[in-house]
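J.: The structure follows.
The values are calculated or read from the model by the stated rules, or taken from the named source; none is laboratory data. Just so we're clear, the structure is a prediction, and the values are computed from it rather than from any experiment. Counting neighbours? That spans all protein chains shown, and the Cβs are built from the backbone with ideal geometry, glycine included.
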Amino acid sequence: MTSGSVFLGLWNPAPTRSTSASSGTLSERTQLDSYTRLPISEERLRDCLGEKIYTSLAAKQVLECECGAGRSTEILLARGAFVTAVDLSDAVEAARENCGNAGLPCRFAQADISQLPFLPREFDLVSV
């Protein structure tokens with residue numbers, strides 16, 4: 001494991017690369033709608049959640065499982081959700097670099113989603 005800390009019993013990786021706005025490798029950033037300027041991830045998330053849930057994300061607590069490089073994370077944050085983004089792989093570091101510097105309410109953790117320490121009903125929405 002890389003350096004980091006533990007929060008809520010989950011491994012919380014420290015960024016291993018620069019955390020500037022242009023950080024992350026090109027392949028990590030090119031997945032993001034903010035990079036491509038195309039709403040591909042946004043449309044996919046809207047389709048998956050349905051219009052009613054998608055339009056009511058503001059101020060909701062969202063657990064995003066398998067966050068990868070942050071494709072859905074950035075959309076959830078832009079919609080005003082408070083996001084806890086989790087991934088078993090170190091892709092969570094890319095998500096932190098891609099989405100964690102905007103000053104928006106988001107936590108990142110490297111963890112197994114079958115062993116999360118959260119209480120029942122702690123989140124308004126779980127996205128897998």
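J.: If I filter segment 10-28 for residues that are among the charged types (D, E, K, R), more than 28 Å from Phe118 (Cβ to Cβ) and modelled with pLDDT under 55, do I get at least one hit?
T.: There is at least one residue in segment 10-28 that is among the charged types (D, E, K, R), more than 28 Å from Phe118 (Cβ to Cβ) and modelled with pLDDT under 55.
J.: Please work out which residue is surrounded by the fewest Cβ atoms within 10 Å (Cβ to Cβ), limiting yourself to segment 98-111 and to residues that are in contact with a strand residue (DSSP E or B) (Cβ under 9 Å, 6 or more places away or on another chain) and assigned to a loop (DSSP other than H, G, I, E, B).
T.: Of everything passing the filter in segment 98-111, Pro105 is surrounded by the fewest Cβ atoms within 10 Å (Cβ to Cβ).
J.: Could you tell me which of the residues Arg29, Arg96, Arg79, Arg71 is closer than 16 Å to Val126 by Cβ and under 14 Å from the mean Cα position of the chain (by Cα)?
T.: Arg79
J.: Anything in segment 29-40 that is loosely packed, with under 14 Cβ neighbours inside 10 Å, assigned to a loop (DSSP other than H, G, I, E, B) and modelled with pLDDT of 90 or more? List them, or say none.
T.: Arg37, Leu38, Pro39 - these are the residues of segment 29-40 that are loosely packed, with under 14 Cβ neighbours inside 10 Å, assigned to a loop (DSSP other than H, G, I, E, B) and modelled with pLDDT of 90 or more.
J.: Please indicate, with yes or no, whether at least one residue in segment 87-97 is in contact with a helix residue (DSSP H, G or I) (Cβ under 6 Å, 6 or more places away or on another chain), at pLDDT below 95 and part of a strand (DSSP E or B).
T.: Within segment 87-97, not a single residue is in contact with a helix residue (DSSP H, G or I) (Cβ under 6 Å, 6 or more places away or on another chain), at pLDDT below 95 and part of a strand (DSSP E or B).
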